[in-house]
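**Student:** Mind looking over this structure? Questions follow.
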Amino acid sequence: MRLLCPILLAASLAPLSAVAQTPHADAPTLSVETRAQDLYVSGRDRFRAKDFPGALDDFRRSLDLVDSPNTRMYLGRALRRLGRLPEAFATLQRAAIDAERRSVTEPRYAATRESARAEADEIRVGIALLTVRLTDLPTGASIRVAGAEVPVTAIGFPLPIVPGEVIVEFDAPGYAPAREIRILTPGGDEVVEIAPRTEQPPPREPAAAAVAPVRVAVTGASAPAPRRVELPRPWATTRVLGVTALAAGVSAVAAGVVFGSIAWSEYETLRPLPQQERDQSLVTRGEFHRDLANVLIVSGSAIALGGLVLFWLSGRSTTDAQRSPLQVDLGLTAGSATLRLGGTL
């Protein structure tokens, strides 16, 4: 925890000006003063013996009885020896202010003032000061520095902090929380200013307008029958298939015509020659081209015809679709490019 003993810091730093103006408290009774002096002497002896925790306890008990600048200065020294530099700095600063106030009527505290200031200055180079300022102090506001609560009386006054990263948090009822992060350096003096902002309520959704039912009275003629919605017919796919088949059939017929032309050319070349003088390879090739042409023409014609049928079916209405389907009989004569069609529509 970077902010040590925030209650002590608030009592030591925040009301410094108030302490300087507060009249000296009533003098303690002899027995109380004697007890406070005994604890001071015991704490000083322990301090010299390097028993700093024991000295710390004696000095605090003595201050609970009598508020003495000398005792407070030794308390700051004990805190410094224990490595609690922020608390030591705040305590020595308070001791210097108390000693300066008391030195007006008791000059013997002038030396205490100078010693406390000198030791506080030595500690200052190793710590950082952080001042938290609020543009407005809402009721119930909470300020946390490094996770430690900062009293309201300490807001606006420098707080001694161990150098390093420190997080300042603000919370207040009805206000948006705020969070600031600072990197404090040794000897540095940082100021964090927070402007509290009222928390905006979430936007309200507009209420749905009530819709009154509409009643329509029909007199005289009866209401029209509801329209019949016809689902789209799946003829698009059939039409695409028909066009594709027609194109494939026409291509096959065209290829057959080409191969037929080649076969006819070869036949014309061999026809003038006697049978025994004809090149057998040319004869075989011509027969192959002839047969291939016949197959392509026949199959292409059949495919093209099927494409035409599919294309025709795609344009039929729903009523037409209920008629008897088209029947096609194909008759092929082997060895020739003839096509016989029959059937009923």
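The values are calculated or read from the model by the stated rules, or taken from the named source; none is laboratory data. Quick caveat, the model's predicted, so the values are computed rather than measured. Glycine gets a Cβ as well: all are built from the backbone with ideal geometry, and neighbour counts include every protein chain shown.
**Student:** Would you mind stating whether Thr112 is over 29 Å from Val145 (Cβ atoms) and either of a type in the set (A, V, I, L, M) or out of contact with any strand residue (DSSP E or B) (no Cβ under 9 Å at 6 or more places or on another chain) (or both)?
**Tutor:** So Thr112 passes the test.
**Student:** Which numbered condition trips up Ala110, out of (1) part of a loop (DSSP other than H, G, I, E, B); (2) without any contact (Cβ under 8 Å) to a residue 40 or more places away in the chain?
**Tutor:** (1)
Quick grid of which residues meet (1) small (Gly, Ala, Ser); (2) modelled with pLDDT of 95 or more; (3) within 17 Å of Leu63 (Cβ to Cβ); (4) within 43 Å of the chain's Cα centre (by Cα):
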residue: Arg113; (1), (2), (3), (4): no, yes, no, no
residue: Thr139; (1), (2), (3), (4): no, no, no, yes
residue: Arg144; (1), (2), (3), (4): no, no, no, yes
residue: Ala148; (1), (2), (3), (4): yes, no, no, yes
residue: Pro151; (1), (2), (3), (4): no, no, no, yes
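**Student:** With buried (at least 16 other Cβ atoms within 10 Å of the Cβ), within 43 Å of the chain's Cα centre (by Cα), on the phi < 0 side of the Ramachandran plot and not aliphatic (A, V, I, L, M) as the only criterion, which of Pro69, Pro86 stands out?
**Tutor:** Going through Pro69, Pro86 in turn, the sole match is Pro86.
**Student:** How many residues are surrounded by 17 or more Cβ atoms within 10 Å (Cβ to Cβ) and in a loop (DSSP other than H, G, I, E, B) when one looks only at the range 130-150?
**Tutor:** Total meeting the criteria: 2.
Quick grid of which residues meet (1) touching a Cys at 6+ places or on another chain (Cβ under 9 Å); (2) at pLDDT 95 or above; (3) in a helix (DSSP H, G or I):
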{"residue": "Ala25", "(1), (2), (3)": "no, no, no"}
{"residue": "Ser31", "(1), (2), (3)": "no, no, yes"}
{"residue": "Asp45", "(1), (2), (3)": "no, yes, yes"}
{"residue": "Lys50", "(1), (2), (3)": "no, yes, no"}
{"residue": "Pro53", "(1), (2), (3)": "no, yes, yes"}
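**Student:** Is one or more of the residues making up the range 303-324 at pLDDT below 60, closer than 26 Å to Gly242 by Cα, aliphatic (A, V, I, L, M) and in the same structural domain as Ala245 (by TED's automatic domain parsing)?
**Tutor:** As a first pass, look at the range 303-324 and keep what is at pLDDT below 60: 317-324.
Adding the requirement that they be closer than 26 Å to Gly242 by Cα leaves 317-324.
This time we only want the ones that are aliphatic (A, V, I, L, M), so: 321.
Retained after the next criterion (residues that are in the same structural domain as Ala245 (by TED's automatic domain parsing)): 321.
Yes: one or more hits.
**Student:** For the structure I just gave you, tell me whether Asp57 is under 17 Å from Ser42 (Cβ atoms), surrounded by fewer than 24 Cβ atoms within 10 Å (Cβ to Cβ), of a type in the set (Asp, Glu) and in contact (Cβ under 8 Å) with a residue 12 or more places away in the chain.
**Tutor:** Working: under 17 Å from Ser42 (Cβ atoms): yes; surrounded by fewer than 24 Cβ atoms within 10 Å (Cβ to Cβ): yes; of a type in the set (Asp, Glu): yes; in contact (Cβ under 8 Å) with a residue 12 or more places away in the chain: yes.
Yes, satisfied.
**Student:** On to the next question. Being of a type in the set (A, V, I, L, M, F, W, C) and within 32 Å of the chain's Cα centre (by Cα) narrows it down to one residue among Ala118, Ala172; which is it?
**Tutor:** After ruling out the rest, the residue left standing is Ala172.
**Student:** Pairs under 8 Å by beta carbon, first residue among the hydroxyl-bearing types (Ser, Thr, Tyr) in the range 145-173, partner surrounded by fewer than 19 Cβ atoms within 10 Å (Cβ to Cβ), six or more apart or different chains?
**Tutor:** Thr153/Pro15
**Student:** Determine whether Ala90 is over 21 Å from Val192 (Cβ atoms), in a helix (DSSP H, G or I) and not hydroxyl-bearing (Ser, Thr, Tyr).
**Tutor:** For Ala90, the condition - over 21 Å from Val192 (Cβ atoms), in a helix (DSSP H, G or I) and not hydroxyl-bearing (Ser, Thr, Tyr) - is not met.
**Student:** If you don't mind, another one. Looking at the range 98-122 only, could you name the residues that are over 22 Å from Glu87 (Cα atoms) and out of contact with any helix residue (DSSP H, G or I) (no Cβ under 8 Å at 6 or more places or on another chain)?
**Tutor:** Answer for the range 98-122, where residues must be over 22 Å from Glu87 (Cα atoms) and out of contact with any helix residue (DSSP H, G or I) (no Cβ under 8 Å at 6 or more places or on another chain): Val104, Thr105, Glu106, Pro107, Arg108.
**Student:** Here is a further query. Within the range 163-178, which residues are among the β-branched types (Val, Ile, Thr) and surrounded by 19 or more Cβ atoms within 10 Å (Cβ to Cβ)?
**Tutor:** Selection gives Val166, Val168.
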